[in-house]
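Structure first, commentary second.
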Amino acid sequence: MKRLIVGLGNPGKQYERTRHNIGFTAVERLSSKHGLTFKKSVKLQGDLAEGMISGVPCLLLKPLTYMNLSGESVAQAMRYHSVELAHLLVIVDDVAIPMGQTRLRIDSGSGGHNGLKSIEEHLQTNQYARLRLGVGDRREGIDLASHVLGKFTEEEQKLVPALLERAVEAAELFIINGLTRAMDFANKN
């Protein structure tokens, strides 16, 4: 059974290394670690890497639809590759979680995240796993959009490598051992 690991973000140089694109960065790290290469898929409206991770067939997807339309790409990938809902993991930024922490949940709301809202709308369910990566809350006087579309501060940048390493390990546990084992790991901060 194929696993679909989706990293949410926005395409374009101006969004690279922003808080909102940490999902992209996490799946890029996962693909690099396992020697998988992303290729543009017009049909799936995204960049797709296919291959084996510890003997399990996997698809890694970066939707190129912009965050608010991510569900179009995810739903298309699931249909085209016949991926079961239980084998979908979405990696996403979350301002409600302290910087550097992770949470893995199923059956939870979007938390106001437009990428997750789009996925729920296109899949007609929220019964899928989402790995939330804590990017910290905004400072006083900064609006939410500016915060998530902004780059990490110098202090936050020190925490990013460990956060990405944790995300990769949680995704690997999801792929190899399943949701419960991945949750046990990701939810211990």
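The values are calculated or read from the model by the stated rules, or taken from the named source; none is laboratory data. What you are looking at is a predicted structure, and each value in this text was computed from that prediction instead of being measured. Heads up, the Cβs are rebuilt from the backbone with ideal geometry, glycines too, and the neighbour counts pull from every protein chain shown. For the accessible areas, the whole protein counts, side chains as well, though only heavy atoms, and no ligand, DNA or RNA atoms are used. Shrake-Rupley method; radii C 1.70, N 1.55, O 1.52, S 1.80 Å.
The table below lists the values:
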| quantity | calculated |
| --- | --- |
| Single residue of Leu179, Leu173 found to be at pLDDT 95 or above and either of a type in the set (S, T, N, Q) or touching a Phe, Trp or Tyr at 6+ places or on another chain (Cβ under 8 Å) (or both) | Leu173 |
| Region 94-113: number of residues that are buried (at least 22 other Cβ atoms within 10 Å of the Cβ) and under 22 Å from Met78 (Cβ atoms) | 2 |
| Qualifying residue in region 8-20 (condition: closer than 21 Å to Arg166 by Cα and β-branched (Val, Ile, Thr)) | yes |
| Identity of the residue in region 81-129, among the small types (Gly, Ala, Ser) and within 22 Å of Cys58 (Cα to Cα), that ends up farthest from the chain's Cα centre (by Cα) | Ser82 |
| Unique residue being open to solvent by 20 Å² or more (accessible area, probe 1.4 Å), of a type outside the set (Val, Ile, Thr) and under 20 Å from Thr18 (Cα atoms) when the list is Leu64, Leu123, Leu116 | Leu64 |
| Yes/no for His34 being of a type outside the set (Lys, Arg) and without any contact (Cβ under 8 Å) to a residue 60 or more places away in the chain | yes |
| Members of region 4-35 found to be touching a helix residue (DSSP H, G or I) at 6+ places or on another chain (Cβ under 8 Å) and assigned to a loop (DSSP other than H, G, I, E, B), listed by number | Leu8, Gly9, Asn10, Arg17 |
| Single condition Glu16 does not satisfy, out of (1) acidic (Asp, Glu); (2) modelled with pLDDT of 95 or more; (3) under 15 Å from the mean Cα position of the chain (by Cα) | (2) |
| Tabulated pairs, region 1-21, first over 12 Å from Leu64 (Cβ atoms), second surrounded by fewer than 21 Cβ atoms within 10 Å (Cβ to Cβ) and among the basic types (Lys, Arg), C-beta under 8 angstrom, 6+ apart or interchain | Arg17/Lys151; Thr18/Lys151; Arg19/Lys151 |
| Region 3-55: number of residues that are buried (at least 17 other Cβ atoms within 10 Å of the Cβ) and of a type in the set (Lys, Arg) | 3 |
